[in-house]
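Novice: Quick one: the structure is below, and I'll ask about it shortly.
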Amino acid sequence: MRSPKMVVAVAVVILTAAACGGSSAGSSGAGASTPVPSVASTTAMAPTTAPSDATTATTSASQPAGSIALCGLLSAADLKTATGADYGNGKLDDYGMCTWRVGDAAVNNGDGQVVVAVQDVPLDMFKRTFPGGVDLTVGGHAGYWNPDQGLQSVWVDIGGRTLVISFDPVGPDGQVIAQKVADIAVGNL
């Protein structure tokens, strides 16, 4: 089971390793580096502390200018339609991610969890870091699905940044569900 904090920590470590020489292919020479998002750049999408009543969609007034109200991208009803499971409301955390859990559980208990975040990294970085996935079109945007690597996620290009939707667990129909959930989220951008 993965907690949202663990998802961010793993994603940052993976992206840092990939950018800091995980592969010499495509390197433009000594000193070349690729900017890697830090936890701070991820949290720029939402307040640094979650409101004590962050059980419903956040309003645009609580978000910095140019950001996305992540908890407003999906509803419990949307997730019920896409997955058939009864999710609680999305909850914004201290890391700028919104998490929905089956039964509105306080922690990931393995029954079902969806985490949404925005990374200030282009989609191609995720595709290079987690090869072997499937290209998708999500609401007219380029997308990528890889259930075997990269935190069981679908990534969607949203103008140079990437909308990340991670699922736990992923069942045999995971790509179909991921596509439905991503289409709903992108439609609410």
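Novice: Would you say residue 94 is touching a residue at least 40 places away in the same chain (Cβ under 8 Å), surrounded by fewer than 18 Cβ atoms within 10 Å (Cβ to Cβ), charged (D, E, K, R) and more than 21 Å from residue 189 (Cβ to Cβ)?
Specialist: It is true that residue 94 is touching a residue at least 40 places away in the same chain (Cβ under 8 Å), surrounded by fewer than 18 Cβ atoms within 10 Å (Cβ to Cβ), charged (D, E, K, R) and more than 21 Å from residue 189 (Cβ to Cβ).
Novice: Now for a different question. Return yes or no: is residue 135 at pLDDT 95 or above and surrounded by fewer than 18 Cβ atoms within 10 Å (Cβ to Cβ)?
Specialist: Criteria met by residue 135.
Novice: Could I ask something else about it? List the number of the failed condition for residue 88; all other conditions in (1) touching a Lys or Arg at 6+ places or on another chain (Cβ under 7 Å); (2) in contact (Cβ under 8 Å) with a residue 60 or more places away in the chain hold.
Specialist: Among (1) touching a Lys or Arg at 6+ places or on another chain (Cβ under 7 Å); (2) in contact (Cβ under 8 Å) with a residue 60 or more places away in the chain, residue 88 violates only (2).
Novice: Scanning the range 145-185 for residues that are part of a strand (DSSP E or B) and touching a Leu at 6+ places or on another chain (Cβ under 6 Å), which turns out nearest to residue 77 (Cα to Cα)?
Specialist: Applying the filter and picking the extreme gives 166.
Novice: While we're on this one: Going by the conditions given, is residue 101 farther than 15 Å from residue 68 by Cβ and either crowded, with 19+ Cβ neighbours inside 10 Å or under 14 Å from the mean Cα position of the chain (by Cα) (or both)? Don't jump to the end; show me each part of the working.
Specialist: Values: farther than 15 Å from residue 68 by Cβ: yes; either crowded, with 19+ Cβ neighbours inside 10 Å or under 14 Å from the mean Cα position of the chain (by Cα) (or both): yes.
So residue 101 passes the test.
The values are calculated or read from the model by the stated rules, or taken from the named source; none is laboratory data. Bear in mind the structure is a predicted one, so any value in this text is a computation, not a measurement. In this analysis, Cβ positions are derived from the backbone assuming ideal geometry, glycine residues included, and neighbour counts consider all displayed protein chains.
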